[in-house]
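Working notes, beginning with the structure itself.
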Amino acid sequence: MPDVLDASPYDALLLLSFGGPEGPDDVVPFLENVTRGRGIPKERLKEVGQHYFLFGGVSPINDQNRALLDALRKDFAEHGLDLPVYWGNRNWAPYLTDTLRDMVRDGRRRILVLATSAYASYSGCRQYRENLADALATLEAEGLELPEIDKLRHYFNHPGFVEPMVDGVVRSLAELPEEARDGAHLAFCTHSIPTSAADTSGPVEEHGDGGAYVRQHLDVAQLIADAVRERTGVDHPWQLVYQSRSGAPHIPWLEPDICDHLEERHAAGALAVVMAPIGFVSDHMEVLYDLDTEATAKAAELGLPVRRSATVGADPRFAAAVRELVLERATTERGGDVAPCALGTLGASHDLCPVGCCPARAPRPAAAGADSPYA
């Protein structure tokens, strides 16, 4: 990275996230936003919302984003990076369109976007880009001058994302009963998606069974398992598993489910399991309910000791990674040479999503990619 922390040509960073309810009255309207266009009855949404009502109708994701905002601003200020950071959500306040409107009115004309999703997939990347295009279309209809928007590359294999997860697994192993610790299995957890979406994730040349989505997760899981072996001296067996499946039961989704995996590991004689949510940046509802509640209850039923390791959240190393990603992209945009920072076998991800990358369920414009109508 350069000695002078120059973010030009960018004049702002936008933290773009999913959003979540912050009280019981928010739950159904939030779920209506998430499922808009699918024709799901309100009574069904109330049933789905029970997961949120167990936690007082509050998802932790917004507070997690506030903490990440603070961490980013603190890191930028301490390192002399003069780049304001804004926050917008896809499905709840502060809404993306409102935040982009504020940014334009503040004079921001070249914006970098950090999405709170580290991996390639339709729901984890292209859908965010579609939301950006929708927001830009709204601002265009209002007669506002449109900013130029770029999205930071996928950061799944950046050291600042991987290393906090290694620490979390090591801590969780240490919390297990001593007699079960060395025999513990590692279950690397991520959000299940339809197999058709996984198979077409990432650039076209990477498509195949599981696509980039599965390849990237497997690479991170191997990185963490190797680092844990180096730290503890124990080679723990591991597997990539999935959670949070939704949708029609006849549509194939990625498996095995974490609860099924716990049953299988118990039947095979595993002494304990550490569940490591590598697919999630922070402890939002899928982590709190599917792992901390449902999977932990399944383990208790089986008599299988489990621990759930921490997500990256607002770890200072992740904030530093974002700073490095910003400077890397800014240097590239200015025509400079930079060596992207990446661990594992896959190397650094692309800066610009190519045509055909993580195709949409139905054709829709997407910003910040090679096929953007707002280039």
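The values are calculated or read from the model by the stated rules, or taken from the named source; none is laboratory data. If you're wondering where the values come from, they're calculated on a predicted model, not measured in any experiment. Note: ideal-geometry Cβ built from the backbone for every residue, glycine included; neighbour counts use all protein chains shown. Please note that ligands, DNA and RNA were not included when accessible areas were found on the heavy atoms of the full protein model with its side chains. Shrake-Rupley method; radii C 1.70, N 1.55, O 1.52, S 1.80 Å.
Could you order CYS341, CYS259 by accessible surface area, starting with the largest, using a probe radius of 1.4 Å?
Most to least solvent-accessible, the answer reads CYS341, CYS259.
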Phi to ³J(HN,Hα) by Karplus 6.51 cos²θ - 1.76 cosθ + 1.60 over the stretch 97-103, Hz, x for Gly, Pro = 4, 5, 5, 4, 4, 4, 5
Got a sec? What order do LEU352, LEU5 fall in by accessible area at 1.4 Å, biggest, i.e. largest, first?
-> LEU352, LEU5
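What does the charge count near ALA212 come to, summing +1 for each Lys or Arg and -1 for each Asp or Glu among other residues with Cβ under 13 Å from its Cβ? Intermediate results must be reported in sequence, preceding the final value.
Working: positive: ARG126, ARG153, ARG215; negative: ASP199, GLU205, GLU206, ASP209, ASP219.
Around ALA212, the charge tally is -2.
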Long-range amide H partners of LYS151 with built H, under 5 Å | VAL113
Whole-angstrom gap from the stretch 194-265 to the stretch 75-128, using each part's C-alpha centre = 28 Å
Fluctuation leader among ARG129, ARG308, ARG38 - the chain, Gaussian network, Cα springs under 10 angstrom | ARG38
Putting +1 on Lys and Arg Cβ atoms and -1 on Asp and Glu Cβ atoms, find which of SER201, LEU144, THR116 reaches farthest to the positive end of the dipole of the chain.
-> LEU144
Quick one: ranking LYS46, LYS151, LYS298, LYS74 by accessible area, 1.4 Å probe, largest first, what do you get?
-> LYS74, LYS46, LYS298, LYS151
For the chain, whose charge dipole is built from +1 on Lys and Arg Cβ atoms and -1 on Asp and Glu Cβ atoms, the candidate among TRP253, VAL48, LEU14 with its Cα farthest towards the positive end is VAL48
Please say if the stretch 1-95 is rounded, prolate or oblate, where rounded means a/c under 1.5 for a ≥ b ≥ c the square roots of the C-alpha gyration tensor eigenvalues, and otherwise the choice is prolate for a/b larger than b/c and oblate otherwise?
-> prolate
How many nm separate the modelled label positions at ASP70 and THR296, each set 7 Å beyond the Cα in the direction of the Cβ?
-> 2.3 nm
Taking H placed 1.01 Å from N in the peptide plane, check which residues at least 5 places from CYS189 or on another chain put their amide H under 5 Å from its amide H.
-> VAL241, ALA276, ILE278, GLY279
Report, by chain and number, residues whose modeled amide H sits under 5 Å from the one on TYR95, excluding near sequence neighbours (fewer than 5 apart, same chain).
-> ASN89
Local electrostatic count at GLY247 - Lys and Arg +1, Asp and Glu -1, tallied over other residues with Cβ under 12 Å | +3
Which of the lysines could a cross-linker span from LYS46 if the Cα-Cα distance has to be under 28 Å and same-chain partners fewer than 8 positions apart are dropped?
-> LYS298
Mind putting a number on the dipole of the stretch 108-178 about its Cα centre? Charges go on the C-beta only, +1 for Lys and Arg and -1 for Asp and Glu, and I need it in Debye to the nearest 20.
-> 220 debye
Answer check: the chain, Cα atoms, Kirkwood Rh, Rg/Rh ratio of 0.96
Take every Cα pair under 8 Å in the stretch 89-171 that's 6+ residues apart, average their separations, divide by the length, and report that relative contact order as a whole percent.
-> 37 percent
For the stretch 330-343, in residue order, the Karplus 3J(HN,Hα) values (coefficients 6.51, -1.76, 1.60; θ = phi - 60°; whole Hz; Gly and Pro = x) are 4, 4, 4, 5, 7, x, x, 9, 8, 9, x, 8, 7, 9
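Given +1 on the Cβ of Lys and Arg, -1 on the Cβ of Asp and Glu, and no further charges, what dipole in debye does the chain carry about its Cα centre, rounded to the nearest 20?
For the chain, the charge dipole is close to 560 debye.
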Take every Cα pair under 8 Å in the chain that's 6+ residues apart, average their separations, divide by the length, and report that relative contact order as a whole percent.
-> 24 percent
Relative contact order of the stretch 202-345, defined on C-alpha pairs under 8 angstrom at six or more residues apart (%) = 21 percent
